[in-house]
Amino acid sequence: MVCPRNEVFSNSNCLAIASCQPTCPTSQVRACPMICLHGGCVCEPGYLRDPKRNYTCVAEEQCSKPDMIDHHCPHDEIYSHSNCLALKSCQPACPTSQAHPCPKICVNSGCVCKPGYLRDSKRNYTCVAKERCPKPG
């Protein structure tokens with residue numbers, strides 16, 4: 001298989017589709033179902049897929065600038081740049097007796113709890129100090 005420019009072939013047993021591989025920062029939410037492709041093209045080291053350029057691989061420093069992103073976070077939260085933050089309901093949370101599904105939906109940057117804080121599902125997933133988590137049950 002011949003890969004496009006700035007990409008190499010990988011024999012990985014379960015590659016993500018191109019739009020779910022590591023990308024340039026963006027303000028868009030991406031749904032990333034686990035679809036396994038047996039071998040395919042991935043970006044070379046130091047390159048990321050650019051959603052504004054049809055997911056072609058570009059050098060990290062050549063990434064398109066993301067749309068305006070609001071960096072203001074609620075109390076007890078900090079802004080994080082990450083390639084795939086979980087939704088609030090799937091971030092580390094206070095222990096609970098109920099299980100809940102966490103679909104893999106990527107948000108490239110956003111607010112997360114400060115160190116030592118966890119999301120509290122009983123308080124609309126606001127961040128609370130770990131020691132203030134309600135007892136499960």
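The values are calculated or read from the model by the stated rules, or taken from the named source; none is laboratory data. Keep in mind it's a predicted model, so treat the numbers as computed, not measured. Counting neighbours? That spans all protein chains shown, and the Cβs are built from the backbone with ideal geometry, glycine included.
The set of residues in the range 29-64 being under 18 Å from the mean Cα position of the chain (by Cα), modelled with pLDDT under 65 and surrounded by 13 or more Cβ atoms within 10 Å (Cβ to Cβ) consists of 30, 32.
Taking residue 107 as the residue in question, decide whether it is farther than 30 Å from residue 125 by Cβ and either within 17 Å of the chain's Cα centre (by Cα) or modelled with pLDDT of 85 or more (or both). Even if it seems obvious, please write down each step before you answer.
Details: farther than 30 Å from residue 125 by Cβ: no; either within 17 Å of the chain's Cα centre (by Cα) or modelled with pLDDT of 85 or more (or both): yes.
Here the answer is no, as residue 107 does not meet what is asked.
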